[in-house]
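Undergrad: Dropping the structure in here first, questions after.
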Amino acid sequence: LCGRRFELVPRPDADVVWCGEHVRDFAPYEEEGAPCVNQLPQESCLTSKDLLHALLDAGPAPPSPWLPEAYSLPQQLPELLQDLQRRAAAAAPPARYILKPWSSSRCRGHTVTAALATLLGCAANAPHGPRLACRYVDRPLLVGGRKAVLRLHLAVASLSPPV
């Protein structure tokens, strides 16, 4: 946005508002002549790790067997500890978890660990903010011998009607 075609102006004068944080109140952007905003109502349920986890957790069906257990930290730390205790009681090998900051991308702030001290430390002292602890998939789906990544992109042509 450094080109000559763009000019940074105060928010009330803007034609386009590019928000880095989640917009919770869309009312100001729905008025006639309001600036366009780079988000859609409720999109954070798909783009935010913690909200996507909560959405899948609250679904009508039991979780899919291919979906690894996940815990929103620090809120679900007791459930994570119960899972660790169940595994220990069953003499199962310790599970590894990948801890992902809710609002980070490109693997910034990710930690992979099976150490209880690291899990507790990340839940209590989160320099990258709250995290989602997902059980690490030891044997992921390989496509052509490589781990596959699925990214979804959505293009919205109109909100009225939604297409």
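The values are calculated or read from the model by the stated rules, or taken from the named source; none is laboratory data. The shown structure was predicted, so the numbers you read here are calculated from the model rather than taken from an experiment. Heads up, the Cβs are rebuilt from the backbone with ideal geometry, glycines too, and the neighbour counts pull from every protein chain shown. Ligands, DNA and RNA are excluded from the accessible area calculation, which covers all protein heavy atoms including side chains. Shrake-Rupley method; radii C 1.70, N 1.55, O 1.52, S 1.80 Å.
Undergrad: For the stretch 1-102, which GluC sites (Glu not before Pro) pass both filters: DSSP loop (anything but H, G, I, E, B) and at most 10 other C-beta atoms within 10 Å? Please list the in-between numbers first.
TA: Values: sites: E7, E21, E30, E31, E32, E43, E69, E79; in loops: E7, E21, E31, E32, E43, E69.
Counting only loop positions with at most 10 other Cβ atoms within 10 Å, the GluC sites (Glu not before Pro) in the stretch 1-102 are E7, E21, E31, E32.
Undergrad: Continuing with this model, one more query. So if we plug the beta-carbon distance of D15 and S158 into 1/(1 + (r/R0)^6) with R0 = 30 Å, what FRET efficiency do we get, rounded to 0.05?
TA: 0.95
Undergrad: Taking the Cβ-Cβ separation of Q75 and H22 as r and a Förster radius of 22 Å, what is the calculated FRET efficiency to the nearest 0.05?
TA: 0.80
Undergrad: Explain nothing, just compute: Karplus ³J(HN,Hα) = 6.51 cos²θ - 1.76 cosθ + 1.60, θ = phi - 60°, for every residue of the stretch 81-96 in order, whole Hz, x for Gly and Pro.
TA: Along the stretch 81-96, the couplings run 5, 5, 4, 4, 5, 4, 5, 5, 5, 8, 6, 7, x, x, 7, 9 Hz.
Undergrad: Determine ³J(HN,Hα), in whole Hz, for all residues of the stretch 16-21 in sequence, where each value follows from phi through the Karplus function 6.51 cos²θ - 1.76 cosθ + 1.60 and θ = phi - 60°; x replaces Gly and Pro.
TA: 10, 10, 9, 9, x, 8
Undergrad: Can you pull the one-decimal nm distance between simple spin-label points at Q39 and A54, each 7 Å off the Cα toward Cβ?
TA: Placing both labels 7 Å beyond Cα along the Cβ direction yields 1.3 nm.
Undergrad: Something else about it: Per 0.36 nm of contour for each residue apart, how much would the distance between Q82 and Y29 grow if the chain were fully extended, relative to their Cα-Cα spacing?
TA: On the way: separation 53, 0.36 × 53 = 19.08 nm, distance 4.41 nm.
Taking Q82 through Y29 to full extension adds about 14.7 nm, to one decimal.
Undergrad: If you stretched the chain out fully between V112 and A148, how much longer would it get, using 0.36 nm times the residue separation minus the C-alpha to C-alpha distance?
TA: Full extension from V112 to A148 adds 11.1 nm.
Undergrad: Could you rank K147, K100 by how accessible they are, 1.4 Å probe, largest area first?
TA: K147, K100
Undergrad: So how much slack lies between L67 and A90, counting 0.36 nm per residue of separation and subtracting their Cα-Cα distance, in nm? Could you put the intermediate results ahead of the total?
TA: Working: separation 23, 0.36 × 23 = 8.28 nm, distance 2.12 nm.
Between L67 and A90, full extension yields an extra 6.2 nm.
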